[in-house]
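So the structure is just underneath, and the comments pick up after that.
The values are calculated or read from the model by the stated rules, or taken from the named source; none is laboratory data. As the structure is a prediction and not an experimental result, all values here were calculated from the model. As a convention, Cβ positions derive from the backbone with ideal geometry for all residues, glycine included, and neighbour counts pool all protein chains shown.
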Amino acid sequence: MKKVLLRAIVVIIILTGVYFVFKEDLDRFNPLYEKEYVYVEVNEPSKPDNGRFKYNLTGYTEDGQKRKVMFTSSTDLEQGIYLKVLAKGKYTESWEFINEEDLPVDAKW
């Protein structure tokens, strides 16, 4: 009985450690999340991230649902520009610049 309990505790500790180390990338592998486009405005300054610029922004889907996304860029993006982000949960697969006219009508800016 003690061996089973000890093994369970070790497994829980290992899984917790894996979660905290890889928590930003876990959404990429989560089968419950679907890829969707999120439209964001760069309205917050970036944070340095190993020679890159990291952004944590809130945007809207085409249906008008609020979503948070995190992505990095090799350059510091200008404030006030709009991006179309292909996201799966908080994980970002790609992003591209768009014009304000290309924003979906349901986005609540």
*Taking only pairs six or more apart or across chains, which ones have beta-carbon atoms under 6 Å, a first residue in segment 62-85 that is on the phi > 0 side of the Ramachandran plot and in contact (Cβ under 8 Å) with a residue 12 or more places away in the chain, and a second residue that is in a strand (DSSP E or B) and surrounded by 11 or more Cβ atoms within 10 Å (Cβ to Cβ)?*
none
*Among the residues of segment 96-103, is there at least one that is within 16 Å of the chain's Cα centre (by Cα) and charged (D, E, K, R)?*
yes
*strands (runs of 3 or more DSSP E) wholly inside segment 30-109 containing at least 2 residues that are closer than 24 Å to Y19 by Cα*: 47-49, 52-61, 66-73, 82-88, 91-98
*Could you tell me which residue of segment 40-60 is nearest to P104 (Cα to Cα), considering only residues that are out of contact with any Phe, Trp or Tyr (no Cβ under 6 Å at 6 or more places or on another chain) and touching a residue at least 40 places away in the same chain (Cβ under 8 Å)?*
V40
_Quick check on segment 72-104: of everything there that is under 13 Å from G59 (Cα atoms) and of a type in the set (V, I, T), which residue is modelled with the lowest pLDDT?_
T92
_Every residue in segment 16-41 that is of a type in the set (A, V, I, L, M, F, W, C), surrounded by 10 or more Cβ atoms within 10 Å (Cβ to Cβ) and at pLDDT 80 or above, please._
V38, V40
*asked:* Being touching a Pro at 6+ places or on another chain (Cβ under 8 Å) and of a type in the set (G, A, S) is the filter here; which residues of segment 46-95 pass it?
replied: G64
